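I have placed the structure first, in the form of structure tokens, so that the comments after it can refer back to it.
The values are calculated or read from the model by the stated rules, or taken from the named source; none is laboratory data. What you are looking at is a predicted structure, and each value in this text was computed from that prediction instead of being measured. Here Cβ is always computed from backbone atoms with ideal geometry, including for glycine, and neighbour counts include all displayed protein chains.
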């Protein structure tokens, strides 16, 4: 059994498998299938200041190895969230990462203040992939200045004991440029990645399949994009921890993210097809680390970045998977 | 009652007109299943590109018996996922989550009821009819479909209640017409106090309208497109009026699939009415 403890900034988690924002509500429904305190943490659906209806239906379209959603951040608002959802998570003894979303910087700041000092809040994930009301609907995470303004403001307003992670969109020309801007603004780490913007047209109605016209693509279809994003940001900013997500549905999928540089992973869309997926992924990841001879998860984080000689050297003798060691020996 | 995930061996698959009637071994689901509950079935096998489950109303549940607990459901083939399911054979297994949703509310005492099924929407009404009959309630069953091969449950319904009323759009079985054409007379015939229905949205809305004209309740089971079936994805919402008179987007999978028809704002389905709770926060997004 590898030591699965991991660090996300100042936060220590007993294991690296979390839920993903927007894919597990606030954990209560999954609590019917397993004890949510067994997870590294529960990442809650992005919460905003006010109750929000979300978009009209249809909100979902299945796509090859994925799905599009256009929920539109339906939620009860921060006060109800704290009173009901956070209280429930605290009762379960679950560690909680609260995802926050806003239409302008002040809204993010207001949310961070509401969560200040709350004992049930382990970390804040800042969803900056929603449209910025002040810049004519442009998504914050597509603009380094807007991203940096939000992350800086949240970091200043939030409880210093709560790490602030920036959740970034892959729909940008240069992800590292955005990540650097967030790092300079004080981000304690990154959540990579949010959904990719996509669209499906219904060939029967000959109209967009979603009520919101476009939607976010998630599921295994986006996994290679997500692994690439984790790899690039880890390479550019090796000192900052990454929470990786995007199409993870098995322990080996999770291991790809870890090897690319993620210190923990979120299991998202897989939950829709398999409510037990987070626990299954945790068990499978544990076994995969053992098989490869890793004594701890920390040893595996970013392992794929090592140069080939270091990775496969028989002299190191420890980590290569038996098959890889055999291949190297021949 | 919590839903469970089970690997369920298929005991039998039977053709029923255009539909497929599955009986699977799922003791954990069968134990707590009630009429109106549904199950979510994984499709495509391991590593499938079809990542979402397909939802089916329970047609029956036998908590114990010769083969441990079994549940039954009815599948209509209308896409790649349901096509995969109907190609399964006895002896193979399905990954099933259930029982899901909120079952039909049933009055504690005797209460005459009309049950209206459209297509394979009849499936959950059959165990409901049995429950009502067991409570001593008179039951009328109306079945409708586009055409004869898309009717479901006529024989078993007849066995339960004697006579059923059948209507098809093309007149290929029973009378020609919409199943709701026969509803007012059925309500009056047995002085029904409640109508139960499952079928297409247009039919459910018409059932609700007719029930209201007769000043009785209609409990309808909707079929909304859903990704998870357990309440986490928020895709299957409908605009539903609450006790406080305000309308919210409620999840059909956990707050439904059975709703009081009078609470659903049918003309606002697929829209964002401005008075919906939280609609005012949608500006700019």
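Points to keep in mind about this one:
- Hey, residue A:121 at negative phi, touching a helix residue (DSSP H, G or I) at 6+ places or on another chain (Cβ under 6 Å) and more than 9 Å from chain B (Cβ to nearest Cβ) or not: yes
- When the range B:167-186 is filtered for residues that are touching a residue at least 24 places away in the same chain (Cβ under 8 Å) and in contact with a helix residue (DSSP H, G or I) (Cβ under 9 Å, 6 or more places away or on another chain), the ones remaining, listed by number, are B:167, B:168, B:170, B:172, B:173, B:174, B:178, B:179, B:180, B:183, B:184.
Yes/no matrix, rows are residues, columns are (1) within 14 Å of another protein chain (Cβ to nearest Cβ); (2) over 28 Å from residue A:21 (Cβ atoms); (3) surrounded by fewer than 22 Cβ atoms within 10 Å (Cβ to Cβ); (4) touching a residue at least 12 places away in the same chain (Cβ under 8 Å):
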{"residue": "B:200", "(1), (2), (3), (4)": "no, yes, yes, yes"}
{"residue": "B:208", "(1), (2), (3), (4)": "no, yes, no, yes"}
{"residue": "B:211", "(1), (2), (3), (4)": "no, yes, no, yes"}
{"residue": "B:216", "(1), (2), (3), (4)": "no, yes, yes, yes"}
{"residue": "B:220", "(1), (2), (3), (4)": "no, yes, no, yes"}
{"residue": "B:224", "(1), (2), (3), (4)": "yes, no, yes, yes"}
{"residue": "B:228", "(1), (2), (3), (4)": "yes, no, no, yes"}
{"residue": "B:233", "(1), (2), (3), (4)": "yes, no, no, no"}
{"residue": "B:236", "(1), (2), (3), (4)": "yes, no, no, yes"}
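- Flag for residue B:158 being more than 30 Å from residue B:270 (Cβ to Cβ) and in contact (Cβ under 8 Å) with a residue 12 or more places away in the chain: no
- Residues of the range B:154-170 satisfying the condition of being modelled with pLDDT of 95 or more and assigned to a loop (DSSP other than H, G, I, E, B): B:169, B:170
- Filtered residues of the range B:82-112 (kept if modelled with pLDDT under 95 and over 18 Å from residue B:125 (Cβ atoms)): B:108, B:109, B:110
- Failed item, numbered, when residue A:99 is tested on (1) away from every other protein chain (no Cβ under 11 Å); (2) free of Cβ contacts under 8 Å to residues at least 24 places away in the same chain; (3) surrounded by 18 or more Cβ atoms within 10 Å (Cβ to Cβ): (2)
- From the list A:89, A:73, A:111, the one residue that fits, being in contact (Cβ under 8 Å) with a residue 40 or more places away in the chain, facing chain B (nearest Cβ under 9 Å) and not in a strand (DSSP E or B), is A:73.
- Count of the range A:46-62 residues which are in contact with a helix residue (DSSP H, G or I) (Cβ under 9 Å, 6 or more places away or on another chain) and assigned to a loop (DSSP other than H, G, I, E, B): 8
- The numbered conditions (1) in contact (Cβ under 8 Å) with a residue 60 or more places away in the chain; (2) surrounded by fewer than 22 Cβ atoms within 10 Å (Cβ to Cβ); (3) on the phi > 0 side of the Ramachandran plot are all true for residue B:245 except (1).
- Candidates B:192, B:173 - the one that is farther than 24 Å from residue B:110 by Cα, outside the structural domain of residue B:74 (by TED's automatic domain parsing) and part of a loop (DSSP other than H, G, I, E, B): B:173
- For the range B:21-57, the candidate set comprises residues that are closer than 24 Å to residue B:130 by Cβ and assigned to a loop (DSSP other than H, G, I, E, B); within that set, the residue that is farthest from the other protein chains (Cβ to nearest Cβ) is B:35.
- Per-region count, the range B:270-285, residues facing another protein chain (nearest Cβ under 7 Å), outside any helix (DSSP H, G or I) and surrounded by 13 or more Cβ atoms within 10 Å (Cβ to Cβ): 7
- Selection within the range B:4-57 - buried (at least 23 other Cβ atoms within 10 Å of the Cβ) and on the phi > 0 side of the Ramachandran plot: B:36
- The condition of being touching a strand residue (DSSP E or B) at 6+ places or on another chain (Cβ under 9 Å) and touching a residue at least 12 places away in the same chain (Cβ under 8 Å) holds for residue A:170.
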